[in-house]
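The values are calculated or read from the model by the stated rules, or taken from the named source; none is laboratory data. What you see is a predicted model, and the numbers here were worked out from it, not measured in a lab. In this analysis, Cβ positions are derived from the backbone assuming ideal geometry, glycine residues included, and neighbour counts consider all displayed protein chains. For accessibility, only protein heavy atoms count, side chains too; no ligands or nucleic acids. Shrake-Rupley method; radii C 1.70, N 1.55, O 1.52, S 1.80 Å.
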Amino acid sequence: MLALDPEDVGARVNLGQILLQARKYPEATREFRAAVAAEEYNATAAYNLGQALIRAGQAEEAQEAMKRFGELREI
């Protein structure tokens, strides 16, 4: 799908989730960052970005991502 539409947020989130399950955290983080950049109000992308960053050991950045997720949940 991404070959046809690199901006497809759903495809990026799905691919990121697959990469996260495969413990490919840098690759998953890249996909979730792209999804958040394309659609900044996507709570699923924000949450998964936080999870990928946590698992990648990037605690400070993960905290910011989870804070953003919390803000989106309140909207």
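A compact table of results
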item	result
Selection count where residues are of a type in the set (S, T, N, Q), more than 16 Å from residue 57 (Cα to Cα) and open to solvent by less than 70 Å² (accessible area, probe 1.4 Å), scope the stretch 1-35	1
Qualifying positions in the stretch 36-54 - open to solvent by 80 Å² or more (accessible area, probe 1.4 Å) and hydroxyl-bearing (Ser, Thr, Tyr)	41, 47
Selection count where residues are touching a Leu at 6+ places or on another chain (Cβ under 8 Å) and charged (D, E, K, R), scope the stretch 21-75	5
Residue match in the stretch 62-71 (condition: within 22 Å of residue 5 (Cα to Cα), assigned to a helix (DSSP H, G or I) and either open to solvent by less than 80 Å² (accessible area, probe 1.4 Å) or not hydroxyl-bearing (Ser, Thr, Tyr) (or both))	no
